[in-house]
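Trainee: Below is the structure I would like to discuss, written out as C-alpha cells.
Read the figures in this text as sums done on the coordinates, not as results from a lab. Keep in mind the model is a prediction, meaning the values are calculated, not measured. As a convention, Cβ positions derive from the backbone with ideal geometry for all residues, glycine included, and neighbour counts pool all protein chains shown.
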Amino acid sequence: MREVRIKDTLTGELRTLDPDEEVGIYACGPTVYSRIHIGNARPFVIFMLLTRFLEAEGYRAKLVINVTDINDKIYNAAKLASESSEDCAKRMTAAYFEDTGRLGLGRPKAEPLASETIDSIVDLISDLTKSGHAYESGGDVYFRVSSFAGYGKLSNRRTEDMDQGEEAGSASLKGSPLDFALWKSHKEGEDTWWNSPWGPGRPGWHIECSAMAEAELGPSFAIHGGGSDLVFPHHENEIAQSEAAGRPFARIWMHNGMVETDTEKMSKSDGNIFQLSEALDRFGREAVVAYLISGHYRQPLAFGSEHMDEAVARVERLRNFFRENPVDASPGRAAGEGSAEPARGASGEAPPEQQRGGSVGTSPDARVDSFRDALADDFNTPRAMAEVFELVGEANRGEVPGASEAVREMLDLVGLSSLTQPDEGAETDETAQKLMEEREAARAEKDFEHADRIRDELAALGWEVRDSAAGPSLVPKV
Ligand SMILES: [Zn+2]
C-alpha cells in the first residue's frame with residue numbers, strides 16, 4: 001500500500017491519507033437543470049478514478065457525489081420548459097445518471113439527492129439557530145458570518161472581496177450583506193417547497209451539501225472535493241455551517257481546475273460537443289476519459305475540438321498497440337497460469353529476458369510502479385499516462401516482454417482497459433457501413449446537418465462514429 005498524498009487547498013500542503021481508516025470522499029455533484037457538460041464530468045471522472053486507485057492500493061474508500069435537485073436554476077429552467085420543477089429535476093437527474101453512466105467508470109457508493117435529505121438539513125439549521133450562528137428573518141434563515149471566526153480561511157479573501165452571489169437571499173432581511181441563506185421562504189410561483197419550523201420554503205444550496213456530507217460520511221471525513229469555482233462561496237460556507245455546528249467536517253479540501261473553453265474561438269459545433277452526451281456520441285467514452293485525465297486535476301484544462309482530436313489519436317494509438325500486441329482476455333488463463341504478468345519474476349524484478357542485450361530500458365514492472373507512484377503523488381494522471389506511452393513507444397520499437405500486460409494493468413487503473421480489446425464486437429454490418437459512407441459524402445459537401453442526422457441514425461442502430469486523423473471508424477456503442 002502506497003502512501004497517498006493530496007494537495008489540500010486549505011493549508012496549501014500535501015497531506016497524507018490515513019491507511020487505517022476509511023477514506024470518505026464527498027464531491028459536489030451537478031445542479032440538475034440541464035444536461036451536464038464536459039466541465040461537470042471532470043470532477044466525476046477524477047473522484048471516481050481516485051477512489052478506484054485507492055481501492056487498488058488496498059485502502060477502504062467511500063465516494064459520495066450528491067445531486068443538487070433543489071435550486072433557483074431549476075425553477076427557472078422548469079418555467080422555460082413549461083413543466084413542474086419536480087419533473088424538470090427528475091428528468092435532468094435521470095439524464096445525469098445516463099450521461100455519467102456512459103463514461104463506463106461505475107457509480108459512486110452514494111448519490112444523495114437534496115430533496116431526500118430535507119430532515120437532516122432542517123436539523124442542521126436548527127442546531128445553528130439554537131447556538132446563535134443563524135437567525136430567522138421574515139421566514140428566511142440566515143447564517144451570521146460574524147459569529148464564525150474562521151470565515152474566509154479556505155478562500156483567503158478579504159471581506160470586501162466577498163460576494164455571496166445569487167444564493168445570498170434577500171438583502172433587506174439580512175443583518176449583514178455577508179450573511180447567506182440557509183432556508184428561503186416560499187415565494188409565489190415556486191411549485192416545490194417543504195414545511196419547516198420557519199414556515200414553508202426550501203433550503204439554500206450550501207446547507208444541502210453540509211447536511212448530505214454528514215448524512216453519508218459522518219461529522220468528520222477525509223476529503224471534500226469539487227471544482228475550484230466552488231471554493232468561494234460554496235465551500236467556504238459549508239465549512240462555516242458545519243464547523244459552527246460543532247462538526248469537524250472535511251480534513252482535506254481537493255479542488256479540480258476548470259475546463260476552459262475559448263468562447264471567442266468556439267464554433268457552434270464545439271459548443272455542441274461541450275455537452276457530455278454529444279462528446280460521448282462523437283468521440284467515444286475512452287477519448288473523453290483520456291482527455292479529462294490528460295492534465296493535472298488541479299490545473300485548468302483547455303477544451304476545443306483540437307483537444308478532443310488529440311485524445312482520439314492517443315486512444316487510437318493504444319488500440320493499435322493492442323492490435324499488434326494482444327493480451328489474453330480469458331480470465332481463466334490470466335488468473336490460473338499467471339499469464340497476465342508473464343514478464344514478472346516472483347521477486348518483482350525484471351526477468352532475465354529483459355536484461356539481455358546490454359541496454360536495459362525501464363522494465364514494464366518499473367513502469368507500473370512509476371505509474372502508481374505518480375497517482376499516489378497528488379493524483380498526477382499526466383505523469384502516470386506518460387509511463388503508458390513511453391512503454392508503448394518502446395514496445396513499438398522492439399519487443400518488450402510483458403509490455404502489453406503492464407499497459408493493461410495501468411489502463412485498468414484509469415478505467416481504459418476496454419482499449420485492450422480494440423476490435424471486440426466491431427464487425428460492422430452493411431447498413432452501418434453504407435450510412436457511414438453517406439455521412440462522409442455529406443461532410444465532404446459541408447452538409448453538416450445531414451451528416452449529424454446520419455450520425456444519430458447510426459447511434460440508433462447501436463454504432464458510434466469516431467473521427468480521427470486516420471479517418472472515421474465505427475465502434476459499437478457502450
Ligand atoms: Zn456542494
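Trainee: Could you please report the charge total around Trp183, scoring K, R as +1 and D, E as -1 over all other residues with beta-carbon less than 10 angstrom from its beta-carbon?
Mentor: 0
Trainee: For His37, enumerate residues with amide H under 5 Å from its amide H, sequence gap 5+ or separate chain, H modeled in the peptide plane.
Mentor: Close amide H contacts, sequence-distant or interchain: Leu276.
Trainee: Here's something else I'd like to know. Could you work out how far helix 205-217 tilts from the main Cα principal axis of the chain, as a 0 to 90 degree angle to the nearest 10?
Mentor: Relative to the chain, helix 205-217 is tipped by roughly 60 degrees.
Trainee: Of Thr93, Thr159, Thr362, how do they rank once you tally other Cβ atoms within 10 Å and put the fewest first?
Mentor: Starting with the residue having the fewest Cβ neighbours, the order is Thr159, Thr362, Thr93.
Trainee: For the chain, with the dipole built from +1 on Lys and Arg beta-carbon atoms and -1 on Asp and Glu ones, taken about the Cα centre, which of His206, Gly150, Ala403 lies farthest toward the positive end?
Mentor: It is Gly150, whose Cα lies furthest towards the positive end.
Trainee: Relative to the present Cα-Cα distance, how much length would full extension add between Glu438 and Glu424 at 0.36 nm per residue of separation?
Mentor: Net length gain for the segment: 2.6 nm.
Trainee: Also, I was wondering about something else. Using alpha carbons only, how many angstrom separate the centre of region 276-321 from the centre of region 167-201?
Mentor: With region 276-321 and region 167-201 each reduced to a Cα centre, they are spaced 42 Å.
Trainee: Let me ask another. Provide the net charge surrounding Ser305, with neighbours chosen by a C-beta distance below 12 Å and charges set as Lys +1, Arg +1, Asp -1, Glu -1.
Mentor: Value of the local net charge: -4.
Trainee: I've got another one for you. What 222 nm value per residue comes from the helices of the chain, counting each DSSP H run with n ≥ 4 as -39,500 (n - 2.57) and dividing by all residues, nearest 500 deg cm²/dmol?
Mentor: Values: 17 runs with 201 residues, N = 478.
Calculated at 222 nm, the ellipticity per residue is -13000 deg cm²/dmol.
Trainee: Give me the percent relative contact order of region 5-256, please, defined on Cα pairs under 8 angstrom at least 6 residues apart.
Mentor: RCO, region 5-256: 24 percent.
Trainee: Quick one: if you stick a label point 7 Å off each Cα along the C-beta vector at Lys265 and Glu445, how many nm between them?
Mentor: Placing both labels 7 Å beyond Cα along the Cβ direction yields 3.2 nm.
Trainee: Moving to a separate point now. Run the dipole for region 223-312 about the Cα centre, Lys and Arg Cβ at +1, Asp and Glu Cβ at -1, nothing else charged, and hand back the magnitude in debye, nearest 20.
Mentor: Roughly 360 debye for region 223-312.
Trainee: Given 0.36 nm per residue, what is the gain on full extension from Ser294 to Thr362 after removing their alpha carbon distance, in nm?
Mentor: 22.2 nm
Trainee: Could you run the Karplus curve 6.51 cos²θ - 1.76 cosθ + 1.60 with θ = phi - 60° over region 255-263 and give me ³J(HN,Hα) per residue in whole Hz, x for Gly and Pro?
Mentor: Working through the residues one at a time gives 10, 8, x, 7, 7, 10, 9, 8, 4 Hz.
Trainee: Hey, another quick one. Please list the non-local residues whose amide H lies under 5 Å from the amide H of Asn380, H modeled 1.01 Å from N, same-chain partners needing a gap of 5 or more.
Mentor: Under 5 Å from the amide H of Asn380: Leu375.
Trainee: Tell me the angle of helix 118-130 to the major Cα principal axis of the chain, expressed in degrees between 0 and 90 and rounded to the nearest ten.
Mentor: The answer is roughly 50 degrees.
Trainee: Here's another thing I want to ask about it. How big is the charge dipole of the chain about its Cα centre, in debye rounded to the nearest 20, if each Lys and Arg gets +1 on its Cβ and each Asp and Glu gets -1 on its Cβ?
Mentor: 640
Trainee: In addition: Once the dipole of region 430-476 is set up with Lys and Arg at +1 and Asp and Glu at -1 on Cβ about the Cα centre, which of Leu474, Leu435, Ala460 lies farthest towards its positive end?
Mentor: The Cα lying farthest towards the positive end belongs to Leu474.
Trainee: Lys/Arg Cβ at +1, Asp/Glu Cβ at -1, dipole of region 169-327 taken about the Cα centre: which of Pro248, His224, Leu318 is farthest positive-ward?
Mentor: The residue sitting farthest along the positive end of the dipole is Pro248.
Trainee: Kindly put Asp378, Asp87 in sequence by how many other C-beta atoms sit within 10 Å of each C-beta, fewest to most.
Mentor: Asp87, Asp378
Trainee: Any chance you could give the angle, 0 to 90 degrees and rounded to 10, that helix 305-324 forms with the longest Cα principal axis of the chain?
Mentor: That helix lies at roughly 40 degrees to the long axis.
Trainee: With each pseudo-label sitting 7 Å past Cα toward Cβ, what's the Ala302-Thr11 distance in nm, one decimal?
Mentor: 3.5
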